[in-house]
Amino acid sequence: MKKGITFLAITIFLFSCKSKDESRKPVKQVTVEQNVPSMQENLNKYVSVKLTSDVSKLTENERKMLPILIKAADKMNDLFWYESYGDKEELLNSITDSDTKKFVEINYGPWDRLNGNKSFVEGFSDKPLGANYYPKDMTKEEFEKASFDNKGSIYTFVRRDENGKLYAIPYYKQFEKEIKEVSNLLAQAATLADNAGLKKYLELRSKALLNDQYQASDLAWMDMKTNTLDIVIGPIETYEDHIFGNKASHEGYVLIKDQEWSAKLAKFSQYLPELQKGLPVSNEYKAEVPGTDSDLNAYDVVFYAGDCNSGSKTIAINLPNDEEVQLQKGTRRLQLKNAMQAKFDKILVPIADVLIDESQRKHITFDAFFANTMFHEVAHGLGIKNTINGKGTVRTSLKEHSSALEEGKADILGLYMIQQLTNKGELTEDFKDNMVTFMAGIFRSVRFGASSAHGKANMIRFNFFKEKGAFTRSEDGTYKVNFEKLETAMKDLSSLILTIQGNGDYDGVAKLVTEKGIITDELQADLDRLGAASIPVDVVFEQGVEALGL
């Protein structure tokens with residue numbers, strides 16, 4: 001903390017029931033004397049990583065496509081800014097301190113995503129649960145009682161008309177100008193695509209952005225098998241909506257496939273139906289048959305934008321989210337190997353050196369980290385998508401808790417899959433490597449905080465494991481895995497999560513989050529030691545055309 005005369009953005013929010021655009025607008029700046037935290041400490045939570053790849057292996061047309069795809073993805077930043085906060089330029093122009101401005105840009109707003117979305121800019125309260133998807137004064141009860149067109153769509157903003165009644169604005173209308181530009185860029189890239197599957201996907205995605213009808217392009221994306229370049233773009237994940245977990249956020253990734261690593265992973269999708277049958281839960285919770293047309297591939301990610309670039313960064317992708325596409329085709333699992341390696345080297349290994357018992361540090365390996373992350377994504381395809389009692393999909397039944405529970409399911413079932421494939425002889429590494437690396441991974445991800453679905457999932461798992469004796473904490477503050485008890489806890493937690501999901505048990509998951517989605521004082525003290533050791537929480541990127549040397 002430091003004390004001084006500081007220019008602070010004192011922001012007054014003016015909301016009118018007559019306004020169709022409910023974005024937040026800072027309107028006043030004054031000078032006050034105030035205690036303010038050092039922004040350098042906040043910035044030190046992140047370590048910079050340069051995103052590169054060997055572009056010499058690309059064809060001439062692929063090298064021409066890359067800048068176009070990066071430009072299209074970059075436009076997702078402005079759309080997500082509006083979804084997360086509102087008017088980006090007015091906010092940034094109201095802040096005079098360069099460090100604060102930089103931290104605002106990392107967080108896409110004045111709220112710290114690694115600290116429970118608490119405000120770090122004077123004049124702002126904590127982040128609204130509904131971000132900018134809903135009117136700030138709207139309650140859950142009001143929304144649930146209201147009746148209007150496209151109420152349940154994941155591709156609309158909810159606003160008030162001149163009479164104060166709720167209505168929906170489709171994304172493609174709210175962002176009409178920007179979306180047309182992105183659509184044109186994807187169409188332009190399609191003309192350069194030598195790969196037929198990529199060409200078809202880009203053409204369909206270009207059209208889908210204009211009306212928010214994405215299923216055809218999702219199916220085409222699933223059918224791509226031999227492309228080297230890829231782009232994930234559009235409104236995709238629903239993490240940002242903390243009221244209902246329903247509104248999708250815009251994001252973009254530009255990717256270059258690592259053909260050698262991808263070839264190693266190709267065989268594992270075939271085991272999904274067998275692994276589904278063996279899940280440690282009653283038969284009715286595993287009656288769905290997962291699609292086997294799923295791909296497992298490794299990529300260099302060369303550009304992040306929008307939702308995926310905010311706060312903690314994604315290192316693997318499991319898409320599409322459309323339940324119908326998943327049941328018909330499965331999903332594609334994209335392992336972002338260069339980003340994963342950076343987090344392993346710069347964050348996970350230093351964490352293990354502080355918090356993992358010295359006798360078990362030999363089990364911290366990149367291969368185990370890669371496998372744990374990969375099978376996390378594969379495990380999204382296991383379990384159940386639709387409740388067994390007519391409550392609809394798991395996602396709609398569990399509302400704002402659905403993302404955290406789904407991430408928790410994927411984590412624990414991913415470890416279960418590794419165990420089963422190791423027992424079958426399909427994986428030959430020591431399973432102890434996976435368990436100890438998994439434990440270290442909990443400390444890495446729990447630092448993402450309560451505002452992150454991944455952070456909540458790891459808090460729940462840590463406390464569940466603690467109750468089951470899956471690890472012990474030594475007097476020196478290091479943790480040691482009990483391998484036998486961790487395997488038992490893995491099965492018990494898998495069964496609990498799958499049952500809650502299958503039952504659409506909103507009260508059950510709310511209780512789980514309340515009781516176990518917490519950081520105890522002892523754990524917080526251990527996490528504070530990581531900060532004291534200057535171990536970053538996550539990464540930010542030096543990225544784009546120049547970083548690639550194009």
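The values are calculated or read from the model by the stated rules, or taken from the named source; none is laboratory data. In this text the structure is predicted, and so the values were computed from the model without any measurement. With ideal geometry, Cβ positions are generated from the backbone for all residues, glycine too; neighbour counts draw on all protein chains shown.
Summary of values
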quantity: Region 421-440, subset in a helix (DSSP H, G or I) and out of contact with any helix residue (DSSP H, G or I) (no Cβ under 6 Å at 6 or more places or on another chain), residue farthest from Thr331 (Cα to Cα); calculated: Met439
quantity: Test: residue in region 189-205 that is buried (at least 20 other Cβ atoms within 10 Å of the Cβ), among the aliphatic types (A, V, I, L, M) and assigned by TED's automatic domain parsing to the domain that holds Ala72; calculated: no
quantity: Scope region 493-521; condition surrounded by 17 or more Cβ atoms within 10 Å (Cβ to Cβ), in a loop (DSSP other than H, G, I, E, B) and either hydroxyl-bearing (Ser, Thr, Tyr) or modelled with pLDDT under 90 (or both); matching residues; calculated: Gly517, Ile519
quantity: Residues that are of a type outside the set (A, V, I, L, M) and touching a Pro at 6+ places or on another chain (Cβ under 8 Å), drawn from region 97-126; calculated: Ser119, Phe120, Gly123, Phe124
quantity: Residue within region 163-185 that is of a type in the set (D, E, K, R), within 20 Å of Ala131 (Cα to Cα) and surrounded by 20 or more Cβ atoms within 10 Å (Cβ to Cβ) present; calculated: no
quantity: When residues of region 72-117 are limited to those that are acidic (Asp, Glu) and outside any loop (DSSP other than H, G, I, E, B), the one surrounded by the fewest Cβ atoms within 10 Å (Cβ to Cβ); calculated: Glu89
quantity: Matching residues in region 313-358 - criterion: being over 15 Å from Thr373 (Cα atoms) and polar (S, T, N, Q); calculated: Asn321, Gln326, Gln328, Thr331
quantity: Candidates Asn184, Asn211, Asn132 - the one that is under 24 Å from Trp81 (Cα atoms), touching a strand residue (DSSP E or B) at 6+ places or on another chain (Cβ under 6 Å) and not charged (D, E, K, R); calculated: Asn132
quantity: Residue selected from region 454-477 under the condition touching a residue at least 60 places away in the same chain (Cβ under 8 Å) and assigned to a loop (DSSP other than H, G, I, E, B), by the criterion farthest from the chain's Cα centre (by Cα); calculated: Ser474
quantity: Single match in His380, His401 (criterion: within 16 Å of the chain's Cα centre (by Cα) and farther than 30 Å from Ile231 by Cβ); calculated: His401
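Condition check ((1) surrounded by 17 or more Cβ atoms within 10 Å (Cβ to Cβ); (2) touching a residue at least 60 places away in the same chain (Cβ under 8 Å); (3) under 30 Å from Lys64 (Cα atoms)) across all residues:
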| site | (1), (2), (3) |
| --- | --- |
| Ser217 | yes, no, yes |
| Pro235 | yes, yes, yes |
| Gly245 | yes, yes, no |
| Leu255 | yes, yes, yes |
| Ala263 | no, no, yes |
| Asn283 | no, no, no |
| Lys286 | yes, yes, no |
